[in-house]
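Shown next, in structure tokens, is the structure this report addresses.
The values are calculated or read from the model by the stated rules, or taken from the named source; none is laboratory data. Just so it is clear, the model here is predicted, and its values are computed rather than measured. Every residue, glycine among them, receives a Cβ derived from its backbone with ideal geometry; neighbour counts consider all protein chains shown.
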Amino acid sequence: MAVDTEADLRRQELRGLDRLDSTRTRRPLVRRLWDATWPKVAALALALAGWQALAATGWKAEAGFGGPGPVLRELWAALTDEYAGNGLPTVWDAIRVTMTRGVVGFLLATVVGLLLGVAVSQSKILRAAIGSLITGLQTMPSIAWFPLALLLFGIDESAIVFVILIGSVPSIANGVISGVDYVPPLLVRAGRNLGAGRVGLYRHVIVPAALPSIVSGLKQGWAFSWRSLLAGELLVAIANRPSLGQFLQASRETSDTNYMIALMIIVLAIGIVVDVVFNAFDNRLRRRRGVAPQP
């Protein structure tokens with residue numbers, strides 16, 4: 001009888017814990033959107049206020065530096081194709097060309113970086129031979145590769161893609177190498193004991209365990225590829241291929257400061273959007289692993 005009573009008490013305690021867990025309900029969508037939005041809106045308002053205050057002092061007025069009002073009007077005119085009637089390329093044409101280059105270059109870099117990272121992480125000879133070289137390449141400024149790229153490929157798309165690969169492959173490869181290195185040996189032994197072969201071990205054990213580091217490497221690789229791309233477009237102007245970098249260079253040559261800053265805002269906005277996508281995937285991954293709070 002005492003045993004039954006003790007068992008009942010334990011069941012009641014467990015039910016109490018279950019009730020505590022059940023009170024952690026999902027927050028309403030409006031509340032989640034508000035919590036995610038207001039810090040960004042506040043930061044943007046402070047940045048615009050600081051920008052306006054700096055412009056009001058007359059700093060660099062001789063160079064055409066003004067407040068956010070003229071720049072935002074210029075940005076609106078560009079994005080609404082106000083200049084499309086003159087037959088010249090529009091900002092949307094430039095965005096399309098730049099994003100196509102960026103996506104193609106990043107996808108190629110992802111394939112090369114993942115394969116290189118897996119090879120180095122599994123070969124002591126390769127790690128000893130090129131492990132430090134990969135890190136060294138990652139620290140080199142992308143702009144330093146453009147003279148060589150122009151000599152090898154000329155003024156062509158291949159020169160830009162080459163520099164994107166050089167800039168982003170090391171980051172992706174290092175993400176894979178770091179992730180594989182930190183996979184707990186216990187997981188690997190457990191997978192082998194369960195009969196997983198070399199391919200199965202990678203697919204079901206090593207890659208899932210190393211995925212957070214791989215995603216971090218991909219995110220960093222995109223940042224390097226985006227920087228390399230814009231640097232390349234400032235230097236390499238290809239006929240009939242308008243780009244954001246080419247528009248930036250043209251606005252500098254014509255001293256159109258407002259238009260130049262508007263283009264910089266577009267470049268920044270694209271980078272933020274891509275970062276939001278990566279963060280959403282990373283947050284979902286962390287929630288599935290129980291290391292991030294539920295929304």
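Go through GLY131, GLY58, GLY117, GLY113 for me and flag whichever is under 20 Å from MET260 (Cβ atoms) and out of contact with any strand residue (DSSP E or B) (no Cβ under 8 Å at 6 or more places or on another chain).
The unique qualifying residue is GLY58.
Here are ILE155, ILE134: which of them is outside any helix (DSSP H, G or I), over 16 Å from ARG227 (Cα atoms), more than 19 Å from the chain's Cα centre (by Cα) and not acidic (Asp, Glu)?
ILE155 is the lone residue from the list that is outside any helix (DSSP H, G or I), over 16 Å from ARG227 (Cα atoms), more than 19 Å from the chain's Cα centre (by Cα) and not acidic (Asp, Glu).
Among the listed residues ALA109, ALA119, which satisfies the condition of being over 13 Å from SER178 (Cα atoms) and of a type in the set (A, V, I, L, M, F, W, C)?
Result: ALA109 is the single residue among ALA109, ALA119 that is over 13 Å from SER178 (Cα atoms) and of a type in the set (A, V, I, L, M, F, W, C).
Restricted to the stretch 174-205, and to residues that are of a type outside the set (Phe, Trp, Tyr) and touching a Ser or Thr at 6+ places or on another chain (Cβ under 9 Å), which residue is surrounded by the fewest Cβ atoms within 10 Å (Cβ to Cβ)?
It comes out as ASP181.
Identify, please: which residue in the stretch 111-139 is of a type in the set (A, V, I, L, M, F, W, C) and touching a residue at least 24 places away in the same chain (Cβ under 8 Å) and is, among those, surrounded by the most Cβ atoms within 10 Å (Cβ to Cβ)?
Ranking the candidates gives VAL120 first.
Having 1 or more residues that are touching a residue at least 60 places away in the same chain (Cβ under 8 Å) and not charged (D, E, K, R) is the bar; report the helices (runs of 4 or more DSSP H) wholly within the stretch 190-295 that clear it.
Fully inside the stretch 190-295 and qualifying: 207-235, 244-253, 257-288.
Residue by residue through the stretch 47-73, note down the ones that are loosely packed, with under 15 Cβ neighbours inside 10 Å and among the β-branched types (Val, Ile, Thr).
Across the stretch 47-73, the qualifying residue is only THR57.
Count, please, the residues in the stretch 75-103 that happen to be under 27 Å from the mean Cα position of the chain (by Cα) and either modelled with pLDDT of 90 or more or part of a helix (DSSP H, G or I) (or both).
Total meeting the criteria: 17.
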